[in-house]
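What follows draws every value from the coordinates through simple rules; no lab data is involved. All values reported here derive from a predicted model rather than from experimental measurement. Here the Cβ positions follow ideal geometry from the backbone for every residue, glycine too, while neighbour counts run over all protein chains shown.
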Amino acid sequence: MHSGNEPIDAIILQLQANIFDLLALSPPGWGGNLMRGLFHSILIAVGAFGIGILLGIGGAFGKLYGGPVLRDLLELYTTVMRAVPELVLILLLYFAGTDLINRVLELLGYQRIDINGLVAGICVLGIVQGAYSTEVIRGAIQSIPQGQIEAARAYGMSASLMLRRITLPAMLPFAIPGLANLWLIATKDTALLAIVGFNELTQETRTAASTTKAYFTFFLAAGVLYLTLTLVSNVIIARIERWSRRGQPVGGH
Amino acid sequence: MAGRVAASGAIEVAAKTSLWLQPHRIGLVAVGLALVVSAALFMRWDWVPNYAGLAVQGLWRTIWILAVTSVLGFLLAIPIGLVQVTGPAWLSWPAYWFCTVIRGTPLLLQLWFLYYGLGSLFPQYPWIRDSFLWPYLRQAWPYAVVSLTISYAAYEGEVMRGAFAGVARGQLEAARAYGMSRWKLFRRIWLPQATYRALPTLAGETVQQLKSTPLVATITVVDIYAVASRVRQETFIVYEPLLLLAVIYLCITGILVFAFRKLEARIPARLG
Amino acid sequence: MLKTLKIAAAALLIAASGAAMAKAEPLKVGFSPEAYPPFYVADAAGNWTGWEVDIVNAICAEAKFECELVPIPWDGLIPALTTKKIDAIMNSMSITDERKKTIDFSGKYYNTPTAVIGPKGQTFDATPEGLKGKIIGVQVSTVHANYAKKHFTEAAEIKEYQTQDEANQDLAAGRIDATQADSIALDAYLQSDQGKECCDLKGYVAEDVEVLGPGVGAGLRKEDTAIKERIDAAIKAIRDNGKYDEITKKYFTFDIYGG
């Protein structure tokens, strides 16, 4: 595989010689570290996305059916979280948030709780995701044909029954594109946690690259891993979207 | 006549304000003001004068990077989006994969890959240091600009693709029927129409771009986030610099949203 | 209800502290997860080893603490300490008056001179005149950053990096003309393949105890005087009983405790 071009030959040689050793799954290869980092990234993304959806449902309902004060506070929450960079929010919520929680606990006389780094990262990203999913879910709920809500009320369904049986299932098809986008954002925002030192994929990549000095190899490998995660997610999301639209009239209105 | 117009304008503004200033809002605004005043009085702000000059520089750098990368990225996004709608397969496939790969990997990774990854190649090829590019390859901001531009172009390419595809076929056909050349069609009909469709999304994406600018601090570009970091590192104050930083970003976002709204208002009214 | 909970919590605390007397007390030690050979080195299995890791373990064993290494980026270490995320910092942090305004330090456990390295082709020394017009790289929030800003005022630019390793990378890449850091860490870099090829030692900087400090110690909160006493005693103990020398011999040919 010689192109006769010296610099390119040098790159190829270096890649061939090292790449499989460096990326080997067990030590002294760093592949295992990268996979562990990927696992942590996925864990954080799932946790953050889940918390985001819960906050989003609550926030959407608050914005649609809540009192004026609640609505204004939620507007403030979504505006600030969507306007301030995630990095600043992560720093604020990580250092300030855990400090405040512990101070409040001390004030009330309880023991300080130790917030695990993983949990803190999930909470921080989840709060940010919550602001975005509030808007997505609110838009989706508003897209539900009014007739369905009226029929549910006419049947005398309680609010929680209507939530469970009508609102949530009906808003799903409208919400899925937006939520799918948020999932992809969540998987990539986990990289920001490298700046606060969490052991997810980007941080592991940085450590591996700086220890072995093979920056190209490891950053490319991490890129491939993230891309695979994105592509697999896209396939799964397409399936979910098809499933959520089952039973709905074809060729919308 | 002018007096009555002015008076009705004033009444309109007063009506809107009183609609907005309902009792609960007045209460919330009062609480907010109280928080701001107590923060101003009780928190440590003695460091602000020392870092004001550096902060202005950092702020300028943030705004400058945002403006340059957004404009360049948008210009790049136009062909990337267009080629996926019209173009021959040998153009549209690379464009599609470009968007997929860039959107599928984190910006931070791309930034570090560009800066440290390319940087690790320099020792091996000494002739790079003699080339005319070297002064730019030496500094950090070109890498920041290139990386953010590529990222913005990929996301906007996707948006523009949808926008180009969404322009009514009838308009394009009518333009061809009028005998417009392809370039004129593009310049007068397709591009403006697509841009109008994309404008609301572009506003959101530009705010996203603003939120991506702090990442350049990790490759030694001194933007406003880096200045706040320096304040935190040198004074060990934990909250105040971050709070002020958040307020600054809120202000910039507000200006951006306002500017885009003004732009959207200038879109000629759509006829159906 | 609140009162019952408080009594229950107090009872639990007493029971727990009673149990704690029997076994080691937990201590969260913060460190920056960056490759800083030979003090902190990561291996492919994700474990951290190195001279400083061994010393931390020795000090903790001696002081009867159960130490847990918590990774926190370098510039977040002191905020993490003051907000009680961690209880100690043992990451080659120099004792300086500036830092002493916010936190306290144990006694020193090593002290090494500060050096400047640069590309092989260029000759200059580690003085303000030698570094005039040059681009210097330093790690943020270190004594070296402060020293460079104070003394090398005629440098073209002082670039600050998140980790010393990134500064070394940029030096190899030719983006900076020099970097100033701990002489041992720089020596470890100069012995690596990349360092051997690109750079050599330019010299040691002039002393400035006010900025560079008398040595490296464990960072502690000001109110944790009990922990400080135990760690000071442990440092003295491992110096006296030979454990310190035993560990040092594994990595160095000389004593790095310093005068």
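Some notes on this structure:
- Note on segment A:192-203: residues that are in contact (Cβ under 8 Å) with a residue 40 or more places away in the chain, part of a helix (DSSP H, G or I) and out of contact with any Gly (no Cβ under 6 Å at 6 or more places or on another chain) amount to 5.
- Of all residues making up segment C:79-117, the number that are assigned to a loop (DSSP other than H, G, I, E, B), crowded, with 18+ Cβ neighbours inside 10 Å and out of contact with any strand residue (DSSP E or B) (no Cβ under 8 Å at 6 or more places or on another chain): 2
- Taking segment A:81-126 as the range and being surrounded by 18 or more Cβ atoms within 10 Å (Cβ to Cβ), over 25 Å from residue A:57 (Cα atoms) and of a type in the set (Phe, Trp, Tyr) as the test, only A:95 passes.
- Residue pairs meeting the criteria (Cβ under 6 Å; at least 6 apart or on separate chains; first within 14 Å of chain A (Cβ to nearest Cβ) and more than 22 Å from residue B:60 (Cα to Cα), in segment B:189-214; second assigned to a helix (DSSP H, G or I) and of a type outside the set (Ser, Thr, Tyr)): B:201/B:159
- Members of segment B:77-124 that are more than 12 Å from chain A (Cβ to nearest Cβ), more than 23 Å from the chain's Cα centre (by Cα) and either β-branched (Val, Ile, Thr) or within 18 Å of residue A:192 (Cα to Cα) (or both): B:83, B:85, B:86
- Residue count for segment A:204-231, restricted to those that are touching a residue at least 60 places away in the same chain (Cβ under 8 Å), more than 7 Å from every other protein chain (Cβ to nearest Cβ), part of a helix (DSSP H, G or I) and not aromatic (Phe, Trp, Tyr): 8.
- In the condition set (1) within 12 Å of chain B (Cβ to nearest Cβ); (2) in contact with a strand residue (DSSP E or B) (Cβ under 8 Å, 6 or more places away or on another chain); (3) among the polar types (S, T, N, Q), residue A:199 is compliant with all but (1).
- For segment A:94-121, taking the residues that are under 18 Å from residue A:199 (Cα atoms) and away from chain C (no Cβ under 11 Å), the one that is nearest to the chain's Cα centre (by Cα) is identified as A:121.
- Exactly one residue out of A:186, A:191, A:238, A:222 is buried (at least 18 other Cβ atoms within 10 Å of the Cβ) and over 17 Å from the mean Cα position of the chain (by Cα): that is A:222.
This table checks each residue for (1) surrounded by 15 or more Cβ atoms within 10 Å (Cβ to Cβ); (2) acidic (Asp, Glu); (3) assigned to a helix (DSSP H, G or I); (4) in contact (Cβ under 8 Å) with a residue 60 or more places away in the chain.
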position: B:123; (1), (2), (3), (4): yes, no, yes, no
position: B:128; (1), (2), (3), (4): yes, no, yes, no
position: B:143; (1), (2), (3), (4): yes, no, yes, yes
position: B:151; (1), (2), (3), (4): yes, no, yes, yes
position: B:157; (1), (2), (3), (4): yes, no, yes, yes
position: B:161; (1), (2), (3), (4): yes, no, yes, yes
position: B:171; (1), (2), (3), (4): no, no, yes, no
position: B:174; (1), (2), (3), (4): no, no, yes, no
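- Failed criterion for residue C:170 (all others in (1) more than 26 Å from residue C:53 (Cα to Cα); (2) of a type outside the set (S, T, N, Q); (3) in a strand (DSSP E or B) hold): (3)
- Within segment C:60-78, if we keep just the residues that are over 15 Å from the mean Cα position of the chain (by Cα) and assigned to a helix (DSSP H, G or I), the residue that is surrounded by the fewest Cβ atoms within 10 Å (Cβ to Cβ) turns out to be C:61.
- Test result for residue B:67, assigned to a helix (DSSP H, G or I), under 26 Å from residue B:198 (Cα atoms) and out of contact with any helix residue (DSSP H, G or I) (no Cβ under 7 Å at 6 or more places or on another chain): yes
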